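Q: Just passing along the structure, written as C-alpha cells.
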Amino acid sequence: MSIFQKHLCLEVLIWIYLGCWNATVPLIIVQRGSLLELATYETGLALAAVISMLFLAPRVEAMRRGTALKAGCIIILLTGILRYVSVSVSYSIDALIIIDVLAVSAFGVIHSLFGVYPAETVEKHRIEHAFRIRRIIITISRVMGPLLAGAVIGVFSPQAALLFAAMVSMAALVFAFALPLGVKPNKTQVKSPVERVQDMFLGIKLKLILPPERFLTVSGFLLCLAMTATVPMLVPNQVHAHNLADSSVGLFNAIFAGGAVAGLFFLSPYVAKRENQRNKYLALWALLTASLSASALSVDIWQLASCLFVAGASSASLSLVGIDRRTVSVPSGVRIRLMAATLVVSQLANSASYMLMGATITQFGIGGLLWVYLAIFIIVLLYSALSTSVWDFLEDAADAEQYYKENYPKLESVIRA
C-alpha cells in the first residue's frame, strides 16, 4: 500500500468517525437537554474550530507531518472514549463541550494536513488525479458516516453509536502509526509574541496578496455560500411544500452526493485540461446557477432529483478547479497555514450561507433564492472578467512551484516567511 493510499484510508476513517459523531451527539443533546443547549454546543465548536486552526497551524508546520497526524489521532481517540463514558455515566452539556472542543481542535489540525498530502505523496504529473480521487472517496465517506451511525442507533442506541465511533478512531490511529514521520522541518529561531501572531494570520495574508489565490478564495467563498444550505434547507422546504414523503429527504441527499461523485469522475477531468479555463469555469457556474434555481422551482420528485444531481456534479467540479496548482505553488513550509486559512474561510462561508438562505426563505419564500443564486453568479461573472492572472495561472503549463518566483518575485519573501 502506497503512502498516498495509507493517508486516504486514514482520512476515510476520520470522516466516518466525524459523521457518526455529528449524527449522534446532537440527537443525544435534544433527547436529554434542550435546543438552547444544542445551539450553545454547535456555536462553541464552530468558534473552537476557527481559533484552533489559526492558532495551531504554525505549530503543526514546525512538526513532522506524520508526528502531527499521530498526535491528532491520539487526541481524537481519547476524546471519543471520554465522550462515550461521559454520555453513558451522566449527561452534562458542559462536559460534552469541553471534550468536543478538544476533539474539534485535533480535527482542525489533521484536516489541514489532509488538504496537502495529495501534493506531497505522489509524482507531480499525478497530483491533479490524486486530488480528484481523494475528493471522490471523501464524498462517499461523508455519506457513510451518518448512515452507519443511523444503523447502529436503530439496532442498539445512541451510546452504542458513540462507542462505534471510538472504535473507528482506534482503527484510524493504526493507519496513522503506519505512516512515515515525514521530512523534518528546518529549526526556527525563538519568535516574539508579535511574530507568533503574524504566523497565525500568514495564511489569510497570503490569500489576500497572491492574485490567483485571492480569486480562488473569493469564488470558493461564494460557492460555499450558494451550496452549504441547499440540501439542509432547500430540500426539506420543498418536501414539505409539495407534500412529498419525508423519507425522500434521505433520497435527495444520496442523489446530490451521487451527482458530486459523477461530476468528479466525468466532468472534472475535462475541466482540468488547461485550455479555455475561464470559459469552462463560467460554464460550470452557469450550470450550477440554473440547476439551483430549477431546484427552487421544482414541483415534483423527479424534477428536484435531476436538478440536485446536476448541482452536485457542477459544484464538486468547481471545488476542484486549481486545487493542485494552488497547493504546489507555495512552499511546503506555509501550506498548512494556507490550508488552515482556507478551512476558516469555508467555515465562515458555511455559517453565512445558513443565515443568508434562512433569512431569504423567511422574508421572501423559496422563490427568493432565485435572486440570491443570480446575484452570486453575477458577482462571479464580473470578478472573472476583471481577473486575468488566475487564468494565466491555471493555464500555465510550467512547473507550479516556480510560478510566484517567476511572475511575482517581490512576493517570494512573504511566501517564504
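Q: Would you compute, for the Cα atoms of segment 32-84, the largest minus smallest coordinate along each principal axis and list the three values in descending order, in whole Å?
A: Extents along the principal axes, in whole Å: 42, 25, 8.
Q: What pairs from K70/K184; K205/K273; K184/K205 go past 18 Å between their alpha carbons?
A: Too far apart for the 18 Å limit: K205/K273; K184/K205.
Q: Determine how large the accessible area of L27 is when every protein chain is in place; take a 1.4 Å probe and give Å² rounded to the nearest 10.
A: 60
Q: Follow-up. Taking the Cα-to-Cβ direction at N276 and at A39 and moving 7 Å from each Cα, how far apart do the two end points lie in nm?
A: Distance between label points: 5.0 nm.
Q: Mean residue ellipticity at 222 nm from the helices of the chain, using -39,500 (n - 2.57) per DSSP H segment of n ≥ 4 over the full residue count, to the nearest 500 deg cm²/dmol?
A: -26500 deg cm²/dmol
Q: For the chain, give the percent of accessible area contributed by carbon and sulfur heavy atoms, probe 1.4 Å, rounded to a whole number.
A: So the carbon and sulfur contribution to the accessible surface is 68 percent.
Q: Averaged per residue, what accessible area in Å² does the chain show with a 1.4 Å probe, protein chains only?
A: Heavy-atom accessible area per residue stands at 45 Å².
Q: Now for a different question. Would you work out the Kirkwood radius for segment 132-282? I mean one over the mean of 1/r across all pairs of different Cα atoms, in Å.
A: Across segment 132-282, the inverse of the average 1/r is 20.4 Å.
Q: HN-Hα J couplings of segment 11-19 from phi, Karplus 6.51/-1.76/1.60, θ = phi - 60°, integer Hz, Gly and Pro as x?
A: 5, 4, 5, 5, 5, 5, 4, 5, x
Q: Please state, to two decimals, what the Cα-based radius of gyration of segment 324-393 comes to when divided by 2.2 N^0.38 Å (N = residues).
A: So segment 324-393 has a normalised radius of gyration of 1.50.
Q: Hey, another quick one. So what is the relative contact order for segment 1-142, in percent, with contacts set as C-alpha pairs under 8 Å and at least six apart?
A: About 38 percent, as a whole number.
Q: Let me ask something else about it. With a cut-off of 8 Å between alpha carbons and a minimum separation of six or more residues, what is the relative contact order of the chain in percent?
A: 24
Q: Moving to a separate point now. Note down, for the chain, the three equivalent ellipsoid semi-axes (square root of 5 times each alpha carbon gyration tensor eigenvalue), biggest first, whole angstrom.
A: 32, 30, 20
Q: Just report the Cα centroid separation between segment 368-390 and segment 87-139, whole Å.
A: Cα centroid of segment 368-390 versus Cα centroid of segment 87-139: 30 Å apart.
The values are calculated or read from the model by the stated rules, or taken from the named source; none is laboratory data. Being a predicted model, the structure only gives us computed values, none of them experimental. When we count neighbours, we look across all protein chains shown, and the Cβ atoms used for this are built from the backbone with ideal geometry, even at glycine. Heads up: the accessible areas ignore ligands, DNA and RNA and are worked out on the full protein's heavy atoms, side chains in. Shrake-Rupley method; radii C 1.70, N 1.55, O 1.52, S 1.80 Å.
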